[in-house]
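Each remark here refers to the structure printed beneath this line.
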Amino acid sequence: MIVSWNWLKQYVSLSMPPEEFERRLMLAGLNHENTKSVADDLAIDLEVTSNRPDCLGHLGIAREAAAIFGVPLTIPNPQPPQGKTSVAEFTKVTLQCPNLCNRYTARLLRGVKVQASPKSITDRLSTLGIAAINNVVDITNYVLMECGQPLHAFNFQKLDGREIIVREARKGERLEAINHKTYELEPGMCVIADRSRAVALGGVMGGANTEVTSSTTDVLIEAAEFDPLCIRNTARKLALHSDSSYRFERGIDSEGIEWASRRCCELILQIAGGELAAGIIDVGSKPSPRELIVLRYAQLKRILGIEIDRQRVEQILQSLNVNSLGSTEKEGKFIPPSWRRDLTREIDLVEEVARIHGYDAIPEDVNVPMAASQKTPRDRVLAKVRETLISAGIDEAMTLSVVSEAASEAFSPWTQLPALVSSTHILRRADRLRRSLIPSLLEARRNNEALANPSVELLEIARVYLSQAGALPDEPLMLGITSGADFFSVKGVLERIISRLNPEVSLEVADYTHELFRPSRAVELRLAGKRVGYLGEVSSAGLKMFELHGSTTVGEIKIAELEAIANLVPQATQLSTYPAVTRDLNLVVDDYVRWADMLATIRSAARSALETVEYRDTYRDPQRLGPGKKSQLLTITLRRQDGTLTNTEADSVRDEIVAACASTHGASLRA
């Protein structure tokens, strides 16, 4: 928000240097970006956060300055003279979409003379970087920058039927805006129309067919309140942003609409002449009264750590136009002004008092009582998951929640219902809310490869959006991984996650086939027999679909299932002081026997003597092993906690393992 130093002085007495003004406003939450000299004025650029739309006008900044410096505030009270004929006899307004336009007001000026604006107007607009057009349009811009309420002036003679219809845009409807570009509109957008066509895009920009020119004599002044979400979506879809849309997106002062309309008409009468029709057309909902806020004065000491006198607290709030409805020694009852939508709770008033009293008045060593926070079980699970993956060299990514239709259809294991469609394309063709993290991570991998970064290992913890018939979508939190490593390496990382969360639980796998994965390198992940995720190496067709060049393995697991098995109580195991004994095994089994099944059998047979099992390799040779056979080489590590394990005891454990594998899987020990 750029403000004019000279303009501000119209409302408040600013006797301090501009540097002091900028410093104090910055301490109160309006960060100072820079200041430039423009002719005999200063253009002060202030950062206004999205919760303070009241400061998107000079009056809002003046209110802040008046409260901070304790100086009087002067606000104009426009009282434009009116003619005898009512505005309702000349025009009418029909509001057909109250969900898109909350309130619409119209006033009519007849017999105005459109010409260049006086220097007093153009100089102030020039300081803000706004070009002068003509006196009527310049005044609408002037009032916008004065109070933050967008206005629009229509050439009344160009309105078909001399009426205004506020409605939703029709599919395929087109509008030439005052920037002389034509836009194709769609339902969900709010248009201002006459009997035959759209003449403005509500809250965003006016139309060229009714713009005010030198031949205009009658002007209809619009002051309205539009739905912020509607304006935001419209501006983004059309890539059409304006000073008006910027303010409507953040919310305007509902009670200030009528003031802005009167102010605009008063200035036009003074500068362009003409006659104002009596009254105002005002359709839509009226502003809702603000709710009462109770401030307990003891909260100031508890939160800020300093005592602030009750009279000082009330004086600060009064300077901010927060009205008091009475108070006691313990608490006060207050109603915030209409332009302060961010004031809804007790803590908001505490912050206002601290802001104006001055954060610099709170000592650095003040004693503020604090309560230790505690991480939720989910936070602790996620911390272990991230730590394990990052230690394995995998970086965390953050991708958009929308993907293209093709990417969405490429992999959706959790539901076969259609993906939810976003009405706004965040990226080109990306309008489907993702049903899996894997398409997003594969696209991130493709982007990295395109930037000559093929060795990218990524994880993401985010939600997916699963449609449910007749209900709100399910939004489970997922862990997704993409890696250039092979299937077994990524499986090992996932097993390490499970081991860290609960050493007593093992990751199980089941057969799974999908065109995105290689047939022999894809599994369904399970915990205690329950499906929790998927893991697979991307097939040639999958690599081509996502335009990938290097081999890729991807996996996805539900975080809720990891929470369910997690044992978050710290565990400690006595380390054995006795030496370990290793044995290599080469077992011949049928080709369909899974390593995971053999591993479970080995662990069951070895019992407490087993420390680790390490898979080495798989070998296939139909001539030596026989058709449909494979040889699996593994190493077992054995150790006792209470003494040295002898070779005889180690051989006995090995023989039990071989016997168990022979009984369960038909395995034979290869010589």
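The values are calculated or read from the model by the stated rules, or taken from the named source; none is laboratory data. In this text the structure is predicted, and so the values were computed from the model without any measurement. Every residue, glycine among them, receives a Cβ derived from its backbone with ideal geometry; neighbour counts consider all protein chains shown. Heads up: the accessible areas ignore ligands, DNA and RNA and are worked out on the full protein's heavy atoms, side chains in. Shrake-Rupley method; radii C 1.70, N 1.55, O 1.52, S 1.80 Å.
Mind checking which residues of region 82-138 are part of a strand (DSSP E or B) and open to solvent by less than 30 Å² (accessible area, probe 1.4 Å)? G83, V93, C101, R103, Y104, T105, A106, R107, L108, L109 - these are the residues of region 82-138 that are part of a strand (DSSP E or B) and open to solvent by less than 30 Å² (accessible area, probe 1.4 Å).
Residue count for region 391-413 satisfying the condition of being touching a residue at least 60 places away in the same chain (Cβ under 8 Å) and either open to solvent by 60 Å² or more (accessible area, probe 1.4 Å) or touching a Cys at 6+ places or on another chain (Cβ under 6 Å) (or both): 4.
Look at (1) small (G, A, S); (2) under 28 Å from D253 (Cβ atoms); (3) touching a residue at least 40 places away in the same chain (Cβ under 8 Å) and you find that A361 fails only one, number (2). Cβ-Cβ contacts under 8 Å between residues 6 or more apart (or on different chains), taken from a first residue in region 507-524 that is among the β-branched types (V, I, T) to a second residue that is in a loop (DSSP other than H, G, I, E, B) and open to solvent by 30 Å² or more (accessible area, probe 1.4 Å), are listed as V509/R594; V523/Y512. For Q299, are the conditions met, namely being open to solvent by 70 Å² or more (accessible area, probe 1.4 Å) and outside any strand (DSSP E or B)? Answer is no for this residue.
Would you say V12 is hydrophobic (A, V, I, L, M, F, W, C), open to solvent by 10 Å² or more (accessible area, probe 1.4 Å) and farther than 17 Å from V143 by Cα? Answer is no for this residue. Here I231 clears all of (1) under 28 Å from G83 (Cα atoms); (2) outside any loop (DSSP other than H, G, I, E, B); (3) among the hydrophobic types (A, V, I, L, M, F, W, C) except the condition numbered (1). Which one is nearest to L494 (Cα to Cα), of the residues in region 415-437 that are buried (at least 19 other Cβ atoms within 10 Å of the Cβ) and modelled with pLDDT of 90 or more? So the residue we want is L437. Could you check, for region 526-541, whether at least one of its residues is β-branched (V, I, T) and within 34 Å of the chain's Cα centre (by Cα)? Among the residues of region 526-541, at least one is β-branched (V, I, T) and within 34 Å of the chain's Cα centre (by Cα), which makes the answer yes.
Checked across region 356-378, the condition of being open to solvent by 20 Å² or more (accessible area, probe 1.4 Å), aromatic (F, W, Y) and farther than 18 Å from A462 by Cα holds for at least one residue. Filter region 438-453 down to the residues that are surrounded by 13 or more Cβ atoms within 10 Å (Cβ to Cβ) and in a loop (DSSP other than H, G, I, E, B) and list them by number. Answer for region 438-453, where residues must be surrounded by 13 or more Cβ atoms within 10 Å (Cβ to Cβ) and in a loop (DSSP other than H, G, I, E, B): there is none. In region 39-70, of all residues being in a strand (DSSP E or B) and touching a Leu at 6+ places or on another chain (Cβ under 9 Å), the one that is most open to solvent (accessible area, probe 1.4 Å) corresponds to E47.
Mind listing whichever residues of region 651-671 are open to solvent by less than 30 Å² (accessible area, probe 1.4 Å) and either in contact with a Lys or Arg (Cβ under 6 Å, 6 or more places away or on another chain) or part of a loop (DSSP other than H, G, I, E, B) (or both)? Matches in region 651-671: A667 only.
Find the residue count for region 477-495, including only residues that are without any contact (Cβ under 8 Å) to a residue 24 or more places away in the chain and buried (at least 24 other Cβ atoms within 10 Å of the Cβ).
Within region 477-495, residues that are without any contact (Cβ under 8 Å) to a residue 24 or more places away in the chain and buried (at least 24 other Cβ atoms within 10 Å of the Cβ) number 0.
Quick one: in region 234-243, of everything that is open to solvent by less than 40 Å² (accessible area, probe 1.4 Å) and part of a loop (DSSP other than H, G, I, E, B), which residue is nearest to S285 (Cα to Cα)? Across region 234-243, the extreme among qualifying residues is S242. Is there a residue being under 18 Å from E222 (Cα atoms) and basic (K, R) anywhere in region 139-160? Yes: region 139-160 contains one or more residues that are under 18 Å from E222 (Cα atoms) and basic (K, R). With respect to (1) open to solvent by 70 Å² or more (accessible area, probe 1.4 Å); (2) closer than 30 Å to I636 by Cα, the lone exception for W595 is condition (1).
Name the residue that is most open to solvent (accessible area, probe 1.4 Å), counting only residues in region 150-185 that are part of a loop (DSSP other than H, G, I, E, B) and among the aliphatic types (A, V, I, L, M). It would help to see each step written out before you state the result.
The first filter runs over region 150-185 and keeps only residues part of a loop (DSSP other than H, G, I, E, B), leaving 150, 159, 169-173, 178-181, 185.
Those still in the list that are among the aliphatic types (A, V, I, L, M) too: 159, 169, 178, 185.
Values: L159: 1, A169: 6, I178: 71, L185: 4 Å².
The qualifying residue most open to solvent (accessible area, probe 1.4 Å) is I178.
Here the condition is being among the aliphatic types (A, V, I, L, M), in contact with a Phe, Trp or Tyr (Cβ under 6 Å, 6 or more places away or on another chain) and at pLDDT 95 or above; of L151, L201, L220, L144, it holds for L220 alone. Does E331 fit the bill of being surrounded by fewer than 17 Cβ atoms within 10 Å (Cβ to Cβ), free of Cβ contacts under 8 Å to residues at least 60 places away in the same chain and closer than 26 Å to I61 by Cα? No, not satisfied.
In region 530-553, the condition of being within 18 Å of E409 (Cα to Cα) and of a type in the set (F, W, Y) is met by at least one residue.
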